[in-house]
Amino acid sequence: MIKVALSGIAGRMGQMLLKAVCASEDLELTAAIGRPGSAAIGKDAGAPSGIATGVIVTENPQAIESCDVLIDFS
């Protein structure tokens, strides 16, 4: 399983990427990064799309340390 971090999660493309990661059998969302001050901080990464991911959006870039890949769409 490839552990994925998404940066720019609160935007339209961030949510499209989230849906693609969630639909994949070999990818796992493990971190979601939002811009400082974003209303998405502290909420589930999939909330705008009605998907419960269990991954909370953070503004802390160190969240990617446990990930294999970062997709940056910020």
| request: Could you list, in sequence order, all residues of region 61-74 that are part of a loop (DSSP other than H, G, I, E, B) and modelled with pLDDT under 95? | output: F73, S74
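From P36, P48, grab the single residue that is assigned to a helix (DSSP H, G or I) and either at pLDDT below 95 or among the hydroxyl-bearing types (S, T, Y) (or both).
Matching residue, one of P36, P48: P48.
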| If you check every pair at least six apart or on different chains, which have Cβ atoms under 8 Å apart with a residue in region 20-35 that is farther than 14 Å from G46 by Cβ first and a residue that is open to solvent by 50 Å² or more (accessible area, probe 1.4 Å) and among the hydroxyl-bearing types (S, T, Y) second? | I33/S74; R35/S74
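Confirm whether E25 is more than 12 Å from the chain's Cα centre (by Cα), modelled with pLDDT of 95 or more and either open to solvent by less than 70 Å² (accessible area, probe 1.4 Å) or not small (G, A, S) (or both). Don't jump to the end; show me each part of the working.
On the way: more than 12 Å from the chain's Cα centre (by Cα): yes; modelled with pLDDT of 95 or more: yes; either open to solvent by less than 70 Å² (accessible area, probe 1.4 Å) or not small (G, A, S) (or both): yes.
For E25, the condition - more than 12 Å from the chain's Cα centre (by Cα), modelled with pLDDT of 95 or more and either open to solvent by less than 70 Å² (accessible area, probe 1.4 Å) or not small (G, A, S) (or both) - is met.
The values are calculated or read from the model by the stated rules, or taken from the named source; none is laboratory data. If you're wondering where the values come from, they're calculated on a predicted model, not measured in any experiment. Using ideal geometry, Cβ is built from the backbone for each residue, glycine included, and neighbour counts are taken over all protein chains shown. Note: accessible area is taken over every heavy atom of the protein model, side chains too, but ligands, DNA and RNA are not part of it. Shrake-Rupley method; radii C 1.70, N 1.55, O 1.52, S 1.80 Å.
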